[in-house]
Amino acid sequence: MKKSLLIIAGILASCNSAQKTVTPSEQQVTVKAVDPVVYAETITEGELKDHLYIYASDEFEGRETGEPGQKKAITYLKGAYEKLGIPPAKKDGDYFQKVPLEVSKLPVGKLILNNTDYLQGEHVLTFNAADFSDDEIVYVGYGVEEDTYSDYKGMDLMGKIVLVKSGEPKNTDGTYKLSGTEERSMWSNMSESLGKRIELAKDKGARGVLYYDDSNFSRFKRRFDYMRTNDSGRMSLKDNASGDFSSIFIDETMAKEILPNIAENHTPSLLEAKVSLDFESSNDEVNSENVVALLEGSEKPNEYVIVSSHLDHIGVTASGEINNGADDDGSGTVALLEIAEAFKKAKDAGNGPKRSIVFLHVTGEEKGLLGSQYYTDIAPIFPLDQTVANLNIDMIGRIDPAREGDRNYIYLIGSDKLSTELHELSEEINSKYANIELDYTYNDENDPNRFYYRSDHYNFAKNNIPIIFYFNGTHADYHKPSDTPDKINYDLLQNRSRLIFHTAWEVANRENRVVVDKAGK
């Protein structure tokens, strides 16, 4: 593994008495060193502040996905790239990547099991409509399939309802079957494994999943109660709408009605049970957009470094107060604009990046990482296998209260999850150019906040693309109307933005793309 940076110094020809005389007709070529500092220094407190006082103003109405404020935001971003002379990423010349969304209102109805009604919101929860019945349920234990192990072996799921429980298989000595040790796999991580379990059952032809996770049912219930109290719906990608597939969350009472010994029974089997799903809902379409610009590389234009931030926020409160979202994620948005300007100045000077830089402003982050999911899973503008890395910026303008008085820091998350090389590169670039404390507190696998799964980089990471997530931590103004531009530390925003620029510069200009040497997490 190469640990030294491939930033090449100028090659100077030295002369001595043995060197042949150069005739006037011969040309001497001096290869000049490209110093990225001169371009990084174009990222300034003043310009960041000018952008943010507009972008996080009341005029933008909190930038809620699909609402008028979000339209003002994308218009502002388009104008900024046009002014910089950085073209759209899409071949049709449009900066906007349409992201079709829909809001599913909280369903009403019931699950009927062996002629007993279980009402929505009691022992059973669902966030999508469902209308289906059958005389049996397929129990698949943990619903795990990896390498040579499968809970689905010999089971026919076509058109069936599947019962799945949380966790993962163990050996008789208490070790985990997948690792052979006491170390758990991602299947024990609810944040990561739930979607994978559901998709796996769906891919195998199941009509729906009954998911039993007693330790997390209360979490789903809190979300359900909030949506019911606030009469809010669940936004999702329209192309990813549930359609004929149903995801149902059940508690211990419901699970034991289906299979009394479900806790100790890990053997997949066919259960005789009359089950009927009767949940009705209505969907409203939402139109939203990502904003995507491209600076084409000079030598490797078909390899892409994506620098991202989310353009949306949470809009206006029920009482009419505007959530300006200056830090979340106005800070990341304006940092991305300034980083784009620095790269453009380099290109205008004949020192553009070798690889292409994609400036990606995604929508729907606050609704569940929807804009980045659309880009990665449904309509990537550039092939994912030619995407070298994603540097994601989400809240970099404030100070975590836990670090008051110790302000020269940034939290880094995910830099070592897929690529040792990217992590080491990041460290070395910081030492050379920024000297900011890189704090890995939230990079811990056991971080209860699960920040690694909560911003747009995750949709790239799950596709095996190395990522770094830059983050200042939460604060008292997080998701409140008090997250305003006057509370941003513009000197920190400048220095952190410059660090990200230098890191992107190195990833884009090194000879070889960063190597993925770790299994996805």
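The values are calculated or read from the model by the stated rules, or taken from the named source; none is laboratory data. In this text the structure is predicted, and so the values were computed from the model without any measurement. Reconstructed Cβ throughout: ideal geometry from the backbone, glycine too, with neighbour counts over all protein chains shown.
Tally the residues that are over 19 Å from the mean Cα position of the chain (by Cα) and under 23 Å from Ile436 (Cβ atoms), restricting the search to the range 504-521. Residues that pass the stated criteria total 7.
Among the conditions (1) small (Gly, Ala, Ser); (2) buried (at least 17 other Cβ atoms within 10 Å of the Cβ); (3) not in a loop (DSSP other than H, G, I, E, B), Ala206 misses just one, which is (3). With respect to the stated conditions, Gly167 fails to be at positive phi and either touching a residue at least 60 places away in the same chain (Cβ under 8 Å) or surrounded by fewer than 13 Cβ atoms within 10 Å (Cβ to Cβ) (or both). Candidates are the residues of the range 115-148 that are in contact with a Lys or Arg (Cβ under 6 Å, 6 or more places away or on another chain) and modelled with pLDDT under 95; the one that is farthest from Asn287 (Cα to Cα) is Phe132. Take Gly405 and decide whether it is farther than 17 Å from Ser191 by Cβ and at pLDDT below 95. Yes, satisfied.
Looking across the range 417-465, the residues that are of a type in the set (Ser, Thr, Tyr) and farther than 18 Å from Phe501 by Cα come down to Ser419, Thr420, Tyr440, Thr441, Tyr442, Tyr452, Tyr453, Ser455, Tyr458.
Here the strands (runs of 3 or more DSSP E) wholly within the range 396-489 that include at least 3 residues being in contact with an Asp or Glu (Cβ under 8 Å, 6 or more places away or on another chain) and buried (at least 19 other Cβ atoms within 10 Å of the Cβ) are 409-413, 467-471.
Among the residues making up the range 382-395, those that are closer than 30 Å to Lys91 by Cβ and assigned to a loop (DSSP other than H, G, I, E, B) are Phe382, Pro383, Asp394. Tell me, which residue of the range 188-212 that is farther than 17 Å from Val162 by Cα and in contact (Cβ under 8 Å) with a residue 24 or more places away in the chain is farthest from the chain's Cα centre (by Cα)? Applying the filter and picking the extreme gives Met190. Taking the criterion of being within 23 Å of Lys204 (Cβ to Cβ), outside any strand (DSSP E or B), in the same structural domain as Ile250 (by TED's automatic domain parsing) and of a type outside the set (D, E, K, R), would at least one residue in the range 168-183 satisfy it? Taking every residue of the range 168-183 in turn, at least one turns out to be within 23 Å of Lys204 (Cβ to Cβ), outside any strand (DSSP E or B), in the same structural domain as Ile250 (by TED's automatic domain parsing) and of a type outside the set (D, E, K, R).
Let's see how each residue does on (1) without any contact (Cβ under 8 Å) to a residue 40 or more places away in the chain; (2) closer than 23 Å to Phe359 by Cα; (3) within 20 Å of the chain's Cα centre (by Cα):
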residue: Gln386; (1), (2), (3): no, yes, yes
residue: Ser415; (1), (2), (3): no, yes, yes
residue: Glu421; (1), (2), (3): no, yes, no
residue: Ala434; (1), (2), (3): no, yes, no
residue: Thr441; (1), (2), (3): yes, no, yes
residue: Asn463; (1), (2), (3): no, yes, yes
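When each of Asn495, Asn459, Asn509 is tested for being touching a Pro at 6+ places or on another chain (Cβ under 8 Å) and not basic (Lys, Arg), the lone residue that passes is Asn509. Please work out if Val291 is in contact with a helix residue (DSSP H, G or I) (Cβ under 6 Å, 6 or more places away or on another chain), over 21 Å from Gly159 (Cβ atoms) and part of a strand (DSSP E or B). Judged against the criteria, Val291 is a match. Note on the range 401-434: among residues that are touching a helix residue (DSSP H, G or I) at 6+ places or on another chain (Cβ under 9 Å) and of a type in the set (Asp, Glu), the one that is nearest to Glu511 (Cα to Cα) is Glu428. Cβ-Cβ distances below 8 Å connect the following pairs, each with a first residue in the range 39-65 that is at positive phi, a second residue that is of a type in the set (A, V, I, L, M, F, W, C) and surrounded by fewer than 24 Cβ atoms within 10 Å (Cβ to Cβ), and a separation of six or more residues or different chains: Glu61/Val316; Glu61/Ile322; Gly62/Ile314; Gly62/Val316; Gly62/Ile322.
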